[in-house]
Structure formats: C-alpha cells, structure tokens
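These notes are about the structure you will find just below.
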Amino acid sequence: MAAGKGVKLYGMWASPAVRRVEWALKKKGIKYEYIEEDLSNKSFELLQYNPITKQVPVLVHDGKPVMESLVILEYIDEVWKGNPILPKDAYERAKAQFWASFSEDKCRDAVRKVYFAEEEDTKMKAMEHLMEIIRVIDQELKGKKFFGGESIGYLDLVFGWMAFWLGIAEEVASFKVVDSKKFPNFTSWINNFINDPLIRGNLPPRDKTLEFFRNFRKLHLASCK
Amino acid sequence: MASEDVKLIGAVMSPFVMRPRVSLNLKGVEYEFLEETFGSKSELLLKSNPVYKKIPVLIHSGKPICESLIIVQYIDETWSGHSILPSDAYDRAIARFWAHYIDDKWFPALGGIARAQTEEAKNEAIEQVFTGLKLLEEAFEKCSGGKPFFGGETIGYVDIALGCYLGWLRATEKLIGITFLDETKTPLLCHWAEKFSSHEAVASVMPETDKLVEFAKMIQAKFKAPANK
C-alpha cells in the first residue's frame, strides 16, 4: 500500500455513517477523495484497510486507515483544529460522548425494532418504545435550534441520521413516530438540520434511498425465515 | 487533590465499574466507592443516570459522568500523571477502535455463551470469542511494539477496555470447561493477562474468579426459577 498523502474516504452513498463523516469533513473544509464501494463486492483496498470489520466508512489519512464513524469524527477534530466539532471542556465532551452513544445504541436499536417488526403487536410495542426515546431527545432539544446551539455541532452530526433516515424507515416500514405535536422540538430540529447549508446538498436522493432500503428490508426479513 | 470530591457508584463484580477504578488508581486519585446492592438501584444512581440507570457513574464535584469508557477518557483528561490514551491522534484513533470492537463485538459474544438457547448458538458464540482473541493477539503485537501492554510500557486504554473483562473470561472458562486464553493459540495475550492482573492498580479491584462463578450461578438460577410475575 503506497502511503500517498491526502485524505480518502471509502463509503457507500446510502449509508448514514458515511454521510456523517462527509458532513464533518465539509464543516472542517478538508479536501478528500471519495471512493464509492459496492458492499456486495468490496474492493481490495477496503479489505486491506479494514480487514477486521470490512465496513465503511474508512478514512485514510496519509495512507493510514481510521475506522468507525465516531472514532473518525474525533480523529478529524483532533488533527484539523479549525471549526471545532467536539466541546473543549472535558465534562462537556463526556456529556456529548454520552449522547452520541445513546444515538448509536438506544436510538438505532429502537428504530431497528420497529423497522423489522412483522407482527402488529410487536410493531406497536416497538413504536411505543421508540417514541419514549424520541421524547428524551425532544427534551434535550428544548430551547435550542441545534444540539450545538445556534449552529451544527457534534451531536447534530451524530443524530443527523434521524433527520433523514428515520423518515425513510417510516415510509419503508409503514409507521409514523415523527409527530410535530408530540415532539415539537425534535421536528423543528429535523427541519433546521436538513435545510442547513452544510447538510442540504449532502443528502442521498430520497427516491433512490427509499428503493435501496425497501430492498434491504425485504432481503433481511427473508434471511430471517 | 485530597479535597477533590470524587465518588464512584458501582459494584465489585462489574467489569464496567472496574474500568474507572483502575483508571483512578493509575492516576492516584482518591475516591469514595458507593456500592450498589444487586437487584435494587439507589436514589443517587437513578438521579445521576436517569437515561440508563446503570453503573458505573462517576460523580466529580457533583457532576455525573456515565458510560465506563467515557468515564475513563474523562479521568485521563482531568487528572495528570499516568497517561491512559496515547498522545498521538492516530494512535488514539486505533485505541478507540479496538475498545469499540471489544465492547461492540467481542464481549457480547462472550455474554452470548450464557444466553444461548441452543447448543448450536452456544458453539457459535464460543467460536466468535476465539476468533476475537486471535484478532486481539494480532492487535496486541502491533500496538505493544514488543512492550508489556497494549499501551506500551504502561497500562493504556485498550488494556483497561479488555483487561477488565478478564475476571469474567476466566469465570466463563470455569463454567463451561473451555480454555480461552491458551498459550498455544494466543501466547502474547496470556502473558499480558498475567501482567495486567498483577499490576498494583488492578490487583485490588479485580474480582476473584470463584466469586464471579458463584455470582453467575446465582443469576442463572434466578432466571431459570419459576417467575412470580
């Protein structure tokens, strides 16, 4: 592997974890080469850079690979000092990391349970649980335009998947949890986020994404039987 | 530092609680250990971690910090002395990646052995634990650079992340009669495990394997008992 200088990002167009890294790179003004991966036929380079999980995103900086989107975000923030993403204060940073893990563990899991639920009973219970989770997020956003305050910060980048991919999941799996009456702060945040100039041009096309996740869900459910 | 108000809510048997304890010991920070009773949650725990209601919770001058590895990073940044995370940004990213792998993939496989409903599922989980250990052996070789710990000369982030599971790994070995840390398969990790366990910052907070075995049997019995629901 030639240790070429510069930044490369191995990704897949529909992946929220990959977009998250792209938003961070854009926020920092970092130039990078994007390499689209066909996950059903992974490239030799991707498997060389990430033989352990074989997943995207992988950021390669001067020939050295960094894996896991949240790890990549922290790495980017530490190497490129301008436009900071994470808070400087240790306690504020610990709080931010806590909410990030809430997004990755509790929220993702809760959405997955509704998304893959086939029986009505299971689905209803899963939806109630998901709404409890969204209620917590709604509370956190009270009085704020973004998690980061007036502008997009770390937690906005982390929760950003909910601003677009949750809507995709709702349509693909026929359920609705994003309710502006029940969760006014969360709903406002979604609108603020997807309309922000940092994000607006950098979301996958909706129709193509719907088709992708419809197929993905179908295949997953078939493989479980 | 003696007047610093540092409390840790936890339990002796918990590998997650062990992580901040080792970290505080490495930094020479005195703290009040508030032990939770198994089966019930204190008012302070519920107030300090309303989202997950789980241990450990570090309370520093009244401010709660939750999630074991987040607490370890907080301890590293707040107190000087022994460095837990590497100073180089790339090395830090590699350490964070391995800690994530250990928590996200490896430990759930270990836990999966006890949770397995079928023999097939149990064997699959056992295989995953072995596969993970092989990967971690290779990671150790790269990270340690011939030195005793993942962190090099001294205990670092990945040592703490993996090392705090050693008690439960050994307990599982006893419960199912399989040797996971095998000199012939992962000699570096075997040697590392001994060095880590006997380190002065670790030895006093590593739960005894036999006590963990007893504890595991007690929990299993509880879950298998007819439910009074």
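The values are calculated or read from the model by the stated rules, or taken from the named source; none is laboratory data. Note that the coordinates shown come from a computational prediction; the quantities given were computed from them, not determined experimentally. Don't worry about glycine lacking a Cβ; one is built from the backbone with ideal geometry, like all the others, and counts go over all protein chains shown. Calculation scope for accessible area: heavy atoms of the full protein, side chains included, ligands and nucleic acids excluded. Shrake-Rupley method; radii C 1.70, N 1.55, O 1.52, S 1.80 Å.
Numbers for the structure displayed
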{"quantity": "Out-of-range pairs (alpha-carbon distance over 25 Å; input A:Lys113/B:Lys105; A:Lys26/A:Lys88; B:Lys105/B:Lys174; B:Lys41/B:Lys63; B:Lys27/B:Lys53; A:Lys5/A:Lys28)", "calculated": "B:Lys27/B:Lys53"}
{"quantity": "Cβ neighbours within 10 Å from other chains - mean over A:50-56", "calculated": "2"}
{"quantity": "Semi-axis lengths (Å, descending) of the ellipsoid that matches the C-alpha gyration tensor of region B:1-51", "calculated": "21, 14, 9"}
{"quantity": "Computed over chain A: relative contact order in percent, which uses C-alpha pairs under 8 Å that are six or more apart", "calculated": "19 percent"}
{"quantity": "Radius 15 Å from Cβ of B:Val158, net charge of other residues (Lys, Arg +1; Asp, Glu -1)", "calculated": "-4"}
{"quantity": "Value of relative contact order over chain B, rounded to a whole percent, pairs C-alpha under 8 Å and six or more apart", "calculated": "19 percent"}
{"quantity": "Restraint check, A:Lys142/B:Lys47; A:Lys95/B:Lys54; A:Lys8/B:Lys142; A:Lys106/A:Lys225; A:Lys8/A:Lys54; A:Lys64/B:Lys134, Cα-Cα greater than 18 Å", "calculated": "A:Lys142/B:Lys47; A:Lys8/B:Lys142; A:Lys106/A:Lys225; A:Lys64/B:Lys134"}
{"quantity": "Residue-averaged beta-carbon neighbours from other chains (10 angstrom radius) around B:84-96", "calculated": "4"}
{"quantity": "Summed side-chain charge close to A:Asn195 - residues other than A:Asn195 whose Cβ falls under 13 Å, Lys, Arg +1, Asp, Glu -1", "calculated": "0"}
{"quantity": "Inter-chain Cβ neighbour average for residues A:95-107, partner chain, 10 Å", "calculated": "3"}
{"quantity": "Nearby aspartates and glutamates by direct alpha-carbon distance to B:Lys122 (threshold 15 angstrom, same-chain neighbours under 8 apart not counted)", "calculated": "B:Glu173"}
{"quantity": "Region A:161-204 - charge dipole about Cα centre, Lys and Arg +1 at Cβ, Asp and Glu -1, debye rounded to 20", "calculated": "120 debye"}
{"quantity": "P(r) histogram, all alpha-carbon pairs of region B:114-157 included - 10 Å bins from 0, percent", "calculated": "27, 31, 22, 18, 2"}
{"quantity": "FRET efficiency for B:Lys63 and A:Ile52, using Cβ-Cβ distance with R0 set to 41 Å, rounded to 0.05", "calculated": "0.70"}
{"quantity": "Antiparallel bridge percentage (DSSP; both residues within chain A; nearest 5)", "calculated": "70 percent"}
{"quantity": "Charge dipole magnitude, Cβ of K and R +1, D and E -1 - the protein assembly as shown, Cα centre, debye nearest 20", "calculated": "1100 debye"}
{"quantity": "Heavy-atom accessible area ranking, 1.4 Å probe, most first, across A:Arg93, A:Arg200", "calculated": "A:Arg200, A:Arg93"}
{"quantity": "Counted charge near A:Val56, where neighbours are those whose Cβ lies closer than 12 Å (Asp, Glu -1; Lys, Arg +1)", "calculated": "-1"}
{"quantity": "Normalised contact order of region A:28-130, rounded percent, pairs of Cα under 8 Å and 6 or more residues apart", "calculated": "14 percent"}
{"quantity": "Euclidean distance between Cα centres, region B:31-62 to region A:29-93, Å", "calculated": "34 Å"}
{"quantity": "For B:Met13, solvent-accessible area (1.4 Å; no DNA, RNA or ligand), Å²", "calculated": "50 Å²"}
{"quantity": "Alpha-carbon radius of gyration plus Dmax, which is the widest Cα pair, for the protein assembly as shown in Å", "calculated": "22.5, 64"}
{"quantity": "Bridge type composition, region A:1-105 - antiparallel percent by DSSP, nearest 5", "calculated": "65 percent"}
{"quantity": "In Å², nearest 10: area of B:Ser61 left accessible to a 1.4 Å probe", "calculated": "70 Å²"}
{"quantity": "Cα-based reach from A:Lys145 at 19 Å (exclusive), listing aspartates and glutamates while leaving out same-chain residues under 8 positions away", "calculated": "A:Glu92, A:Asp156, A:Asp179, A:Asp196"}
{"quantity": "Sites excluded, GluC sites (Glu not before Pro) in DSSP loops with at most 13 other C-beta within 10 Å, longest stretch of chain A", "calculated": "A:1-117"}
